[in-house]
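Worksheet: one structure, shown below.
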(Lines give C-alpha, C1' and ligand atoms only; values in the text may rest on other atoms or scores of the structure.)
Protein backbone atom coordinates (compact mmCIF):
# COMPACT_ATOMS: atom_id res chain seq x y z
CA UNK A 1 0.00 0.00 0.00
CA UNK A 2 2.87 2.37 0.81
CA UNK A 3 4.44 1.68 -2.58
CA UNK A 4 1.18 2.48 -4.32
CA UNK A 5 0.94 5.80 -2.49
CA UNK A 6 4.53 6.63 -3.47
CA UNK A 7 3.83 5.82 -7.12
CA UNK A 8 0.65 7.91 -7.15
CA UNK A 9 2.52 10.77 -5.44
CA UNK A 10 5.36 10.67 -7.97
CA UNK A 11 2.89 10.57 -10.88
CA UNK A 12 0.96 13.51 -9.44
CA UNK A 13 4.11 15.60 -8.90
CA UNK A 14 5.50 14.82 -12.34
CA UNK A 15 2.17 15.79 -13.90
CA UNK A 16 2.19 19.08 -12.02
CA UNK A 17 5.79 19.85 -12.95
CA UNK A 18 5.56 19.00 -16.63
CA UNK A 19 2.06 20.22 -17.37
CA UNK A 20 1.63 23.29 -19.51
CA UNK A 21 -1.41 24.77 -21.20
CA UNK A 22 -1.41 27.44 -23.88
CA UNK A 23 -4.26 29.29 -25.55
CA UNK A 24 -4.00 31.86 -28.34
CA UNK A 25 -7.11 33.73 -29.24
CA UNK A 26 -7.95 36.70 -31.44
CA UNK A 27 -9.93 39.15 -29.35
CA UNK A 28 -10.83 42.01 -31.67
CA UNK A 29 -10.30 43.49 -35.10
CA UNK A 30 -11.20 46.92 -36.41
CA UNK A 31 -11.71 48.33 -39.89
CA UNK A 32 -8.32 50.07 -39.65
CA UNK A 33 -5.72 48.65 -42.04
CA UNK A 34 -3.15 46.37 -40.42
CA UNK A 35 -0.10 48.49 -39.71
CA UNK A 36 3.56 47.65 -39.25
CA UNK A 37 3.70 48.35 -35.52
CA UNK A 38 3.31 45.62 -32.93
CA UNK A 39 2.99 46.18 -29.19
CA UNK A 40 2.83 43.66 -26.37
CA UNK A 41 1.99 43.76 -22.70
CA UNK A 42 2.61 40.82 -20.38
CA UNK A 43 1.66 39.91 -16.85
CA UNK A 44 2.25 36.93 -14.59
CA UNK A 45 0.18 35.55 -11.72
CA UNK A 46 1.59 33.13 -9.14
CA UNK A 47 -0.63 30.68 -7.26
CA UNK A 48 -3.66 32.29 -8.87
CA UNK A 49 -3.65 35.24 -6.46
CA UNK A 50 -0.38 37.18 -6.58
CA UNK A 51 1.36 38.83 -9.47
CA UNK A 52 1.88 41.71 -11.84
CA UNK A 53 -0.80 41.76 -14.49
CA UNK A 54 -0.92 44.71 -16.85
CA UNK A 55 -1.67 42.76 -19.99
CA UNK A 56 -4.26 45.15 -21.31
CA UNK A 57 -4.87 46.58 -24.76
CA UNK A 58 -3.96 50.12 -23.74
CA UNK A 59 -0.62 49.05 -22.27
CA UNK A 60 0.22 46.99 -25.36
CA UNK A 61 -0.64 49.91 -27.67
CA UNK A 62 1.53 52.28 -25.62
CA UNK A 63 4.44 49.79 -25.63
CA UNK A 64 4.29 49.60 -29.43
CA UNK A 65 3.68 53.31 -30.04
CA UNK A 66 0.33 52.52 -31.65
CA UNK A 67 -2.38 55.16 -31.94
CA UNK A 68 -4.75 53.33 -34.33
CA UNK A 69 -5.36 49.70 -33.33
CA UNK A 70 -6.04 47.12 -36.05
CA UNK A 71 -6.02 43.74 -34.30
CA UNK A 72 -5.82 42.43 -30.76
CA UNK A 73 -4.65 38.93 -29.85
CA UNK A 74 -4.52 37.37 -26.41
CA UNK A 75 -2.26 34.54 -25.24
CA UNK A 76 -2.70 32.61 -22.01
CA UNK A 77 -0.05 30.16 -20.75
CA UNK A 78 -0.28 28.06 -17.61
CA UNK A 79 2.81 26.38 -16.15
CA UNK A 80 3.40 23.94 -13.31
CA UNK A 81 -0.22 22.89 -13.08
CA UNK A 82 -1.48 26.44 -12.62
CA UNK A 83 1.10 27.63 -10.11
CA UNK A 84 2.28 30.23 -12.64
CA UNK A 85 0.07 31.81 -15.31
CA UNK A 86 1.26 34.28 -17.96
CA UNK A 87 -1.01 36.59 -19.94
CA UNK A 88 0.18 38.39 -23.10
CA UNK A 89 -1.79 40.90 -25.16
CA UNK A 90 -0.51 41.66 -28.68
CA UNK A 91 -1.80 44.69 -30.57
CA UNK A 92 -1.07 45.63 -34.20
CA UNK A 93 -1.72 48.95 -35.86
CA UNK A 94 -0.13 52.21 -36.83
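The values are calculated or read from the model by the stated rules, or taken from the named source; none is laboratory data. None of these values were measured; they are calculated from a predicted model. Ideal geometry is used to build each Cβ from the backbone, glycine not excepted, and the neighbour counts take in all protein chains shown.
Looking only at the range 28-76, residues that are at positive phi and modelled with pLDDT of 90 or more come to 1 in all. Among the residues here, residue 28 does not qualify as in contact (Cβ under 8 Å) with a residue 24 or more places away in the chain, out of contact with any helix residue (DSSP H, G or I) (no Cβ under 7 Å at 6 or more places or on another chain) and part of a helix (DSSP H, G or I). Somewhere in the range 9-19, is a residue in a strand (DSSP E or B) and surrounded by 13 or more Cβ atoms within 10 Å (Cβ to Cβ)? No, that holds for no residue.
If I ask for residues that are more than 8 Å from the chain's Cα centre (by Cα) and either closer than 11 Å to residue 45 by Cβ or part of a strand (DSSP E or B) (or both), which ones from the range 78-88 would you list?
79, 82, 83, 84
Only residues that are assigned to a strand (DSSP E or B), surrounded by fewer than 17 Cβ atoms within 10 Å (Cβ to Cβ) and touching a residue at least 24 places away in the same chain (Cβ under 8 Å) were counted in the range 52-77, giving 3.
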